[in-house]
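Reviewing the structure listed below.
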Amino acid sequence: MNPLNAPQSAVLLLSFIACWVTGGCSPAVSLPDPGQEPVSFPDAFEEAGVTWTSASEVPKADLRQLEAYFKLNPSIAEGSLVHGDPTLYTSPHRAKRFYWGRSGAEHVDWLFIQFEGRNVTLHEGSGAPFTE
């Protein structure tokens with residue numbers, strides 16, 4: 001039996017988190033509103049003089065940190081925006097942001113969770129997520 005390589009393990013962990021966040025991997029899981037589409041996030045953005053760059057993959061340690069946050073904050077994990085794989089951004093200051101979003105006919109709804117050291121910030125809104 002071959003052990004899983006790191007990318008396969010990350011995919012399995014992301015799948016686990018997605019199933020856990022949505023309440024399980026059963027037909028009872030509600031599907032997103034068909035009028036809402038996932039948001040396509042940019043490769044990088046600048047905010048308050050800091051450049052945030054998207055990561056090509058999410059490291060296992062970051063997934064564990066996100067999973068621990070959801071266990072402590074289950075109402076966030078159950079939110080309608082936290083579906084599917086997040087887009088991870090990193091800053092030169094080692095801060096990390098996990099973004100989720102959906103666009104509807106007239107607006108974009110988004111949410112991010114930022115980890116910077118021991119500080120955690122959650123911010124959500126409607127409209128353009130990357131404007132100052």
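The values are calculated or read from the model by the stated rules, or taken from the named source; none is laboratory data. Given the structure is predicted, the values throughout are model-derived calculations rather than measurements. A quick note on method: Cβ atoms are made from the backbone with ideal geometry, for glycine too, and the neighbour counts reach across all protein chains shown.
Test of understanding: among Ala105, Ala44, Ala48, Ala77, which residue is over 16 Å from Pro129 (Cβ atoms) and out of contact with any Phe, Trp or Tyr (no Cβ under 6 Å at 6 or more places or on another chain)?
Checking each option against the conditions leaves just Ala105.
What do you reckon, is Pro74 without any contact (Cβ under 8 Å) to a residue 12 or more places away in the chain and either within 21 Å of Glu46 (Cα to Cα) or not hydrophobic (A, V, I, L, M, F, W, C) (or both)?
The answer is yes for Pro74.
Conditions (1) modelled with pLDDT of 95 or more; (2) hydrophobic (A, V, I, L, M, F, W, C); (3) under 14 Å from Thr121 (Cα atoms); (4) not in a helix (DSSP H, G or I), marked per residue:
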residue: Leu63; (1), (2), (3), (4): no, yes, no, no
residue: Ile76; (1), (2), (3), (4): no, yes, yes, no
residue: Gly79; (1), (2), (3), (4): no, no, no, yes
residue: Val82; (1), (2), (3), (4): no, yes, no, yes
residue: Asp85; (1), (2), (3), (4): no, no, no, yes
residue: Leu88; (1), (2), (3), (4): yes, yes, no, yes
residue: Arg97; (1), (2), (3), (4): yes, no, yes, yes
residue: Gly101; (1), (2), (3), (4): no, no, no, yes
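What single numbered condition from (1) surrounded by 14 or more Cβ atoms within 10 Å (Cβ to Cβ); (2) of a type outside the set (Phe, Trp, Tyr); (3) modelled with pLDDT of 65 or more fails to hold for Ile17?
All conditions pass for Ile17, except number (3).
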